[in-house]
Amino acid sequence: MSRPTYPRRLSPDHNASRPHSISMMPRFTDDAPRVAVQELNITNVARDYHNHGIAITTINTDSGSRALDRLLGHVAHGALHDSAERGPDAPKCHPETRTAVQKDIMGWVRHGEGDETPKRILWLSGPAGSGKTAIAGTIADECYKQGLLAASFFFSAFSGSMDRRLSKSLISTLVYSLTRHKSIVGLKEEVLSAVEDDPIIFERHLDQQLDTLILKPLRNVSGRSERRYWPAVIIVDGLDECQGSSESDIGPGGPLPALESRAQKEVLAALSRACADTTFPFRVIVVSRPEPVIRHFFSTSACPTLNMFLDDKYDPDSDIRLFLGAMFNDLRRRFNLSPTWASKDVIELLVKEASGQFIYAATVIRFLDNPRLGSPRQLLTRLLEWRRLNDSRPFAPLDLLYDRILRTSPDPLLAVKWIHVVKGPRPRDLPLYSKYLLESYPEEAVHVLGTLQSLVSLVDENGEPGFHVYHKSLYDFLDDPQRSSDLHVNEESFHHFARDRYYQTLQDRGPQSQAADHSTDPPPLEFFHLFCFHMAQYVDPYRKYTSGDVEWWLHHFGPALTIPMMFSSIHKQCKWYRCLPTCGVWRKGILRYCRGHGWRVPTTKEMLQDRFKRFVYIRNGPPQFPLRPPEVESSDSDPNSDESTATDIQP
């Protein structure tokens, strides 16, 4: 038998074909498995074949395709370093900047195993706006070019796709990237076989997913190819922006801190466990702010970690100076400005104001490059007039910049409320949802946010009409009343605004801007489904609704779970002895609809109990909520129950 030959390390093949029917020794070509099946008489079903100590997994082509479809259905496509969602304008280091920190990281990636005390995890941290994600993106690109990038996941708290906010897609996304490396011979077949054996593996906790989809497959392919040709590093960016494990962890008011912390710890525990396993050959870069839960984990973890903090050691001032100089030169050329415009003294002043925060410098450039506000010459003069160097607060220059830019809007407080709405997850198939909901007349978005395009773009990550906030630090500013002062919108004011927008949209039976324009082009059906779903959180219990409003809502509600959500939430503000009129209108209409469509409705006893202990509907919770659609009722109804249903009860 001839000696196996191993492939050179290559970047993943983006046009990799569908899974083959069998994975054999490394010497076989892509077409070899079919021949091998005939020669060895291996049946075409998923099973293990052992030959001289090497386990060979075979998998039926059809079942392999099904397993691949299941895997792809749980991949957070937008979290990949080169995804369309992140786009070509994703944060990257400006040429010739951040070279020292990049050199340190790449040195660890290439030669970290040779350190006196090798560390498998590198934690890159730093304050808000210090350029962490730009560095992570640049390192990911460089590792990809060199065939060193095994996988990546870029979390984002204000991404349009929910799966970049949650940890549940992390392992499946990393696995997808790992299976595309042909240098790891046999891994794709092992993973697909594992998915075929346990189709609900993606619903299990991260530790189980790690074991089933990464560690066990790596053990099974050990020895089939040389590790020195495998990629070297996995990058996980923005861990502090992971908001929970699943959609149910993010409530109407946003993510809950306890659930955020739990999800982040689960991610770190899984990554640390992987790095402690000798089967797992990859090093891991974790990038985040130094949040308490993450700091505590690394300070107490048994897994050796290299901590790298973006402080003055890496001379951010020089990099910011270089960046501003290049950007000012670009503005001079494009706007035909004098060579003396934006002198070195001005650049030094702005470098001092930035205090090591790249986000300050980037926001300054976007502000100067906004024709709606004026020419760069006029805007730079205005910017310099805003300076206030006698403030000792750590974010004072950035806060002042955000404050002044927000006040260029004709209605700053309305703009802030819009920005808060934009923070919510945007449906992937309907990026215009927020625009439909917010506008009360055509092109109101341009009126309210047009001067703020250094902070929020009026197109989404894919260049489509929508909204995209550039940096999370804007929300840090707006959420802190000490920093944003009279621009701060508290939770009560925001919910009042959101309830009003939902109420007005309901009264117009669709987007208010289209009603005002007498548009004949209705929004897509997905808008109405999403509107009715979210309205369950924003019904104003003190507004007047009619039975016609309820009937329209029931005609457009979309998923069945929307009805019990509304039935539960509308009753929250009621007293035990008396329901609000709004609750009466909604619950009466819902019960009438559900009885007419075969739902299981609450019994008389249950409705009385609800006055003292309210029904609470939990998404993805147990199906015992007393208001259930027929398919749920038929599966768990009690044939011995003799309780009467609520046929004529006033809710």
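Can you list the helices (runs of 4 or more DSSP H) lying wholly within region 477-552 that have 1 or more residues being exposed (fewer than 14 other Cβ atoms within 10 Å of the Cβ), of a type outside the set (S, T, N, Q) and under 28 Å from the mean Cα position of the chain (by Cα)?
Numbers: elements: 481-484, 491-507, 512-516, 525-538.
By residue number, 481-484, 491-507, 525-538.
Given the conditions (1) out of contact with any strand residue (DSSP E or B) (no Cβ under 9 Å at 6 or more places or on another chain); (2) surrounded by fewer than 17 Cβ atoms within 10 Å (Cβ to Cβ); (3) assigned to a helix (DSSP H, G or I), report the number of the one that S261 does not fulfil.
All conditions are met except number (2).
Please work out if T363 is out of contact with any Cys (no Cβ under 7 Å at 6 or more places or on another chain), assigned to a loop (DSSP other than H, G, I, E, B), of a type in the set (V, I, T) and outside the structural domain of W123 (by TED's automatic domain parsing). Can you show your working first?
Numbers: out of contact with any Cys (no Cβ under 7 Å at 6 or more places or on another chain): yes; assigned to a loop (DSSP other than H, G, I, E, B): no; of a type in the set (V, I, T): yes; outside the structural domain of W123 (by TED's automatic domain parsing): yes.
No, not satisfied.
Has region 96-114 got at least one residue that is assigned to a loop (DSSP other than H, G, I, E, B), under 18 Å from R289 (Cα atoms) and at pLDDT below 95?
Step one: filter region 96-114 for residues assigned to a loop (DSSP other than H, G, I, E, B), giving 96-98.
From what is left, the residues that are under 18 Å from R289 (Cα atoms) are 98.
Cutting the leftovers down to at pLDDT below 95 gives us 98.
Taking every residue of region 96-114 in turn, at least one turns out to be assigned to a loop (DSSP other than H, G, I, E, B), under 18 Å from R289 (Cα atoms) and at pLDDT below 95.
Select, from L187, L178, L170, L174, the only residue that is aliphatic (A, V, I, L, M), farther than 16 Å from F280 by Cα and crowded, with 22+ Cβ neighbours inside 10 Å. Let's see the steps before the verdict.
On the way: L187 fails: farther than 16 Å from F280 by Cα; L178 fails: farther than 16 Å from F280 by Cα; L174 fails: farther than 16 Å from F280 by Cα.
Checking each option against the conditions leaves just L170.
Quick one: which helices (runs of 4 or more DSSP H) lie wholly within region 183-252 and hold at least 1 residues that are in contact with a helix residue (DSSP H, G or I) (Cβ under 9 Å, 6 or more places away or on another chain), at negative phi and basic (K, R)?
On the way: elements: 187-197, 206-210, 216-221.
Fully inside region 183-252 and qualifying: 187-197, 216-221.
Report every pair of residues separated by at least 6 positions or lying on different chains whose Cβ atoms are under 9 Å apart, first residue within region 141-156 and in a strand (DSSP E or B), second of a type in the set (D, E).
L149/D141; L149/E142; S152/D82; S152/D237; F153/D237; F154/D237
State which residue pairs qualify: first residue over 21 Å from S434 (Cα atoms) and modelled with pLDDT under 90 and inside region 533-556, second residue surrounded by fewer than 17 Cβ atoms within 10 Å (Cβ to Cβ) and of a type in the set (S, T, N, Q) in any location, beta carbons under 7 Å apart, and separation of 6 or more residues or different chains.
The qualifying pairs are P541/Q573.
The values are calculated or read from the model by the stated rules, or taken from the named source; none is laboratory data. All values reported here derive from a predicted model rather than from experimental measurement. FYI the Cβ positions are ideal-geometry reconstructions off the backbone, even for glycines, and counts take in every protein chain you see.
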